[in-house]
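Bear in mind that the values in this text are calculations on the coordinates, not laboratory data. Predicted model only: the values in this text are computed from it and were never measured. Methodologically, a virtual Cβ is constructed for each residue, glycine included, from the backbone with ideal geometry; neighbour enumeration extends over all protein chains shown.
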Amino acid sequence: MIRSILITLVFLVSPFAWSNSIGIPTQQKPKISIVVDDLGDNSVIARQMVALPATLTMAILPHTPHAKKISELANQRGHEVIMHLPMEAETRPDLLGPGALFSNMAVSEFKNTFLTNAGSIPNLVGFNNHMGSLLTQDPEKMAWLMILAKQKNWYFLDSKTSEASIAENVAEKLGLPTIGRDIFLDHHTNEKGEELTNILKDRLERAKRIAQFRGKVVIICHPYPETLAFLQQVLPSLVNEFELTSVSRLLNKEKFIEFSDSSILSRKFVK
């Protein structure tokens, strides 16, 4: 009797999921979502990123010369497309580009800027922040932003450019599907050649450990030649161990509650 109970428990806690069709246990692979930021200005490397042999998420800057074309190509290849939304940072406002959101904007300007940005890129299903170390600390502006995004049925990926970001927390409280970045694959690296390659390898290994432990991980990278070459090298073998998928596939939308229409914040946008 005890032996029978133990055998049953082993099957219940097994990491294998039973196939509904033929009853054979199949192990689910940990999921990795790779997001390529800063797309839209350079069409050459963007096309190469889009051609990578895996499902990726392409984050495109609004009002950039190649935004529409890159979005269409990405969509055709089965990639997910999100807006890489410029937000006010603590430093270097010169790097924001067009369509940036600022903390001193009134509601109408904030809303119009967001909607104009969204209209400049087709096929959008969500957004993440470009820079934004200052704005993502502003609870009022983050509430405005998440309400607008929810009206579009989007999701939000917090790039976490600041440890003080409250953006993901605000999004979740307002019922917007949201997730945070785990690893920057190539962020703030001035190294070149072999040294940079070693950094990329180290960060990918960290990402793999997170995915194996937690079941999923979100990686953000940029359209650098070194990063492109690295991904071209590692993706073919990576898909043997992990499921490379879009960010939206990682989201459990059932946990997000509906935001009350009676809120004073929602009334600022809903007419």
Practice problem: State all residues of region 208-227 that are surrounded by fewer than 19 Cβ atoms within 10 Å (Cβ to Cβ), under 20 Å from the mean Cα position of the chain (by Cα) and not charged (D, E, K, R); if no residue qualifies, say none. | Solution: ILE210, GLN212, PHE213, GLY215, TYR224
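Looking at SER108, is it small (Gly, Ala, Ser) and either touching a helix residue (DSSP H, G or I) at 6+ places or on another chain (Cβ under 8 Å) or assigned to a helix (DSSP H, G or I) (or both)?
Details: small (Gly, Ala, Ser): yes; either touching a helix residue (DSSP H, G or I) at 6+ places or on another chain (Cβ under 8 Å) or assigned to a helix (DSSP H, G or I) (or both): yes.
Judged against the criteria, SER108 is a match.
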Self-check item: Close pairs (7 angstrom Cβ cut-off, 6 or more residues apart or separate chains): touching a residue at least 24 places away in the same chain (Cβ under 8 Å) and under 11 Å from VAL107 (Cβ atoms) in region 136-154, of a type in the set (D, E, K, R) and part of a helix (DSSP H, G or I) anywhere
Solution: LEU148/LYS111
Exercise. Output the residues belonging to region 123-142 that are under 20 Å from PRO177 (Cα atoms) and either in contact with a strand residue (DSSP E or B) (Cβ under 9 Å, 6 or more places away or on another chain) or small (Gly, Ala, Ser) (or both).
Key: ASN123, LEU124, VAL125, GLY126, PHE127, ASN128, ASN129, HIS130, GLY132, LEU135, THR136, LYS141
